[in-house]
Amino acid sequence: MNIFNKKYLLMLASIFALSLLLVACGGGDGDESEDTGSEDSGSEEESDSGSGEGSEEASGDFESDQWRMVTEELQGEVQFVYAQEFAKRIEEKTGGAITVEALEYGALGSETDQAQLLQQGGVELAVMSPGFTGGQVPDGQIFSMHYLFPTDQEQIHQILKDSEALNTDLRKKYEEHSITPLAYWSEGQMAWTSNTAIKSPSDWEGLNVRVQESPLMRESYDAYGATVQSLSWGELYTALDRETVDAQENPIFFIESASFNEVQDYMMISGHNNYVAMTTANTEWYNGLDDNVKAVVDETVKELQDWVFDEQKKQNEAGLQAIKDEGSTEVIEFDEDQIAEFREAIQPVHEYYREEVEGIDPELFDKLKGEIEEVTGE
Ligand code: 6CS
């Protein structure tokens, strides 16, 4: 076991301890102040968490406040550097009145614990993957549909920024669960890794693939003949190493950063999907913000759309190069014919999603498809 994985064991221990804390928090107000061990972008005073009630006037128009933004990734990875940049800009724009603490994966539990914590108001802000709330917000599963979004990153960027289906309609669906998605952004194209070379849908036959919690992911891999297993990513390296799981999907920077390539012989650049993350706020907290504070949050989130596009691009390019340099994982890039074959195999799942998945809004799906077609011209 390398140092990296010892780090995961420590993290899992902290997840267990913090899960107990989460239960104790139940609907809490975020006043708990743990030593997270993460790089602190905020200050060390007690958190006032909330709309600023009772806090003192600190700088110009802004009352002093402290927020926390929890992420699902480790220091240096895209979600975490996003949270740091968000913190830096909020602090600058409010003349230091408002500070934001960026928290890394594991500091407050697993990805599902973190989502729950945001919903309960235990943290104000989170970078969240829709895949972990697919059971609660069925329409959010739209992001786990293979070959729905284009492969062109600029086009995905445009769709995520401008889509009304996502930024208005889907946002409302999340808000019913106290999650306000302030922005959707891509962490890059996902690749498949496995110890088997996957070049056509039938190569998936009999493989067990790790997925997030979204039920639709089961249907997608079922269409190729594979079975799925839900796991937190912190358990994934060991599962791949011990071959209790055969394959996984993630953006390339993350495959390299989490060292999955060390225990996988092949990486397929399949074009099957991109990894969407959401910048989210607890809905009641966000709605209760003073207008000037809300405007600063909205402006910062908007600015960071382009910033994070460049950041993920840089990290994905470096990750691909590092995997190639390391040399033990063969990189297979799908050609147009292979993509067409997979696209055809997954069509029944698109229809199944629209017609049969309980709780989804077919109009939202149709609207998003229309918006995608407008951008791609197909
Ligand atoms: O595979 C996962 O679950 C993790 N992947 C990424 C790119 N970010 C966080 C997430 O939990």
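Quick notes on this one:
- Among the residues making up region 173-222, those that are open to solvent by 10 Å² or more (accessible area, probe 1.4 Å), part of a helix (DSSP H, G or I) and either of a type in the set (Val, Ile, Thr) or within 24 Å of residue 117 (Cβ to Cβ) (or both) are 173, 175, 215, 217.
- Which numbered condition residue 300 fails, given (1) within 16 Å of the ligand (Cβ to nearest atom); (2) surrounded by 16 or more Cβ atoms within 10 Å (Cβ to Cβ); (3) closer than 21 Å to residue 78 by Cα: (1)
- Residues that are in a helix (DSSP H, G or I), free of Cβ contacts under 8 Å to residues at least 60 places away in the same chain and of a type in the set (A, V, I, L, M, F, W, C) do not occur anywhere in region 355-377.
- Considering 313, 294, the condition of being on the phi < 0 side of the Ramachandran plot, within 16 Å of the ligand (Cβ to nearest atom) and either part of a helix (DSSP H, G or I) or of a type in the set (S, T, N, Q) (or both) is satisfied by 313 alone.
- The strands (runs of 3 or more DSSP E) located wholly in region 223-287 that include 1 or more residues which are crowded, with 21+ Cβ neighbours inside 10 Å and in contact (Cβ under 8 Å) with a residue 24 or more places away in the chain occupy 247-251, 266-269, 274-282.
- Set 176, 187, 164, 154: member being more than 15 Å from the ligand (Cβ to nearest atom), acidic (Asp, Glu) and within 23 Å of residue 82 (Cα to Cα): 154
- When we screen 319, 327 for residues that are surrounded by 15 or more Cβ atoms within 10 Å (Cβ to Cβ) and closer than 29 Å to residue 202 by Cα, the only hit is 319.
- Test set (1) surrounded by 14 or more Cβ atoms within 10 Å (Cβ to Cβ); (2) at pLDDT below 95; (3) closer than 21 Å to residue 288 by Cα; (4) touching a strand residue (DSSP E or B) at 6+ places or on another chain (Cβ under 8 Å) - residue 51 fails condition number: (4)
- Qualifying positions in region 183-196 - of a type in the set (A, V, I, L, M) and farther than 20 Å from residue 344 by Cβ: 183, 191
- Residue in region 260-275 that is farther than 24 Å from residue 338 by Cβ and within 12 Å of the ligand (Cβ to nearest atom) present: no
- In region 61-100, residue farthest from the ligand (Cβ to nearest atom) [restricted to those that are farther than 22 Å from residue 288 by Cβ and among the charged types (D, E, K, R)]: 92
- Where residue 295 falls short, out of the listed (1) in contact with a Pro (Cβ under 6 Å, 6 or more places away or on another chain); (2) aliphatic (A, V, I, L, M); (3) free of Cβ contacts under 8 Å to residues at least 12 places away in the same chain: (1)
The values are calculated or read from the model by the stated rules, or taken from the named source; none is laboratory data. Every value quoted in this text rests on a predicted model; they were computed, and no experiment measured them. A quick note on method: Cβ atoms are made from the backbone with ideal geometry, for glycine too, and the neighbour counts reach across all protein chains shown. Quick note on the areas: whole protein, heavy atoms, side chains included, nothing else; ligands and nucleic acids left out. Shrake-Rupley method; radii C 1.70, N 1.55, O 1.52, S 1.80 Å.
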